[in-house]
Structure formats: structure tokens, C-alpha cells
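Take a look at the structure below.
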Amino acid sequence: MLILSVLALPAAGRAQKSYALGFGGGAAIPVGKLGDTQKMGYNAIITLAIGVSELPIGVRFDGIYNNLLHPSQAASGGAPTSDLRVKAALGNLVYAFPGTTAKVYLLAGGGLYNSKPDVAGAKSENSFGVNGGIGATFGFGPFAAFLESRYHSVSRKQAEGGVYQFVPITLGVLF
């Protein structure tokens, strides 16, 4: 549908195609049952946003890295858990609301997530997942800052721990 919309634009509209490359970082918060074994960590993102200035809809490709930290050893003498590292390659649709210097946007999509506990001999596992969230961009001349929060839900087999969720809050720059 998006491709058809772009092709239907007059040649002058297609000539104004825009893109932005960005990067950022912030906090990664485990939610649901993942919050029972991990605590807040950090995230990093690199992104390529593609759109047409006349359309409020665009696409975004993201590479993300999240490290969810382990809590200290339980006071009851239980075994400590390890950090959980989650990397992903994501494709998202973006809907930007009208604005001048600040634009609010919604995004949703999915992709391939790779997770691995940070312990010797642990194997990484690939799983599919989905994400959705809200953000805002703030224009500063040729650059823009963005602040966003997304909910990620990653599907795993029950034997591998089942579904897990986390919410990164990211501050970054687009150029």
C-alpha cells in the first residue's frame, strides 16, 4: 500500500523523498515475568527512517541492543541470575502526526530478536517478536532529536522460558 502511494505521487513529490539516519540510547526496563529475574539495564539503537514529506506514513529499520541487568544475589542465598542481552533487527511502520518543530509519531512492527544470557557456555536463541510505541521528534536545523518508548514482546518456546517483554526508553539524534 505504501509503495503504491509513493508511486501514485507526481514526480515532484517523489523527488522530495526523505530519509534520516539516527542513533540513540537509554534505559531498558523488563516487564511481566522477565521483571522477576532481571532489572533495568540499558539500550542502544541505530535507525534508518524513510518517508515522503507529503505523507504521514513512513518506514523505519532499526538495529537494537538491550542489556537487562541481573539483580544481586538473593538475600535467601539463591543462585544469582545473569544479564540478558537482546539484539534485534526490526522493520516498523511509522505514522507521524502533523507538527512543525515537534512531531509526535506512532510506530509498530516486528522482526528477529536474538537473546543470550551472559554466562559462559550459554547459547543464543533467535525468536520472532513484535513492538509498538510512541515517540516525538524535535527539529534543530538539519538535525532532529527523538524521544521514544516501545513495548517489545518476544515469542519463545515454553521450554525456553516462554514469551518475554521489555520497554526501552530511548533518546537519540537523527541526521
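The values are calculated or read from the model by the stated rules, or taken from the named source; none is laboratory data. From a predicted model like this one, the values you see are computed outputs, not experimental measurements. When we count neighbours, we look across all protein chains shown, and the Cβ atoms used for this are built from the backbone with ideal geometry, even at glycine.
Checking every residue in segment 121-139 against the condition of being touching a helix residue (DSSP H, G or I) at 6+ places or on another chain (Cβ under 7 Å) and either closer than 18 Å to Tyr65 by Cα or not polar (S, T, N, Q) (or both) gives at least one match.
The one condition from (1) over 12 Å from Asp62 (Cβ atoms); (2) modelled with pLDDT of 95 or more; (3) in contact with a Ser or Thr (Cβ under 9 Å, 6 or more places away or on another chain) that Tyr151 does not meet is (3).
Filter segment 104-151 down to the residues that are outside any strand (DSSP E or B), in contact (Cβ under 8 Å) with a residue 24 or more places away in the chain and hydrophobic (A, V, I, L, M, F, W, C), then identify the one that is surrounded by the fewest Cβ atoms within 10 Å (Cβ to Cβ).
To start, the set of residues in segment 104-151 that are outside any strand (DSSP E or B) comprises 118-124, 141-142.
Next, from what is left, pick out any that are in contact (Cβ under 8 Å) with a residue 24 or more places away in the chain: 118-119, 122, 142.
Subsequent filtering for residues that are hydrophobic (A, V, I, L, M, F, W, C) retains 119, 122.
Values: Val119: 11, Ala122: 13.
Ranking the candidates gives Val119 first.
Taken together, the residues in segment 88-103 that are surrounded by 14 or more Cβ atoms within 10 Å (Cβ to Cβ) and in contact with a Phe, Trp or Tyr (Cβ under 9 Å, 6 or more places away or on another chain) amount to 6. Residues of segment 102-127 being at pLDDT below 95 and closer than 19 Å to Leu174 by Cβ, which ones? Result: Ala102, Lys103. Val52 meets the conditions (1) in contact with a helix residue (DSSP H, G or I) (Cβ under 8 Å, 6 or more places away or on another chain); (2) β-branched (Val, Ile, Thr); (3) modelled with pLDDT under 90; (4) within 21 Å of Ser149 (Cβ to Cβ) in every case but one. The failed one is (4).
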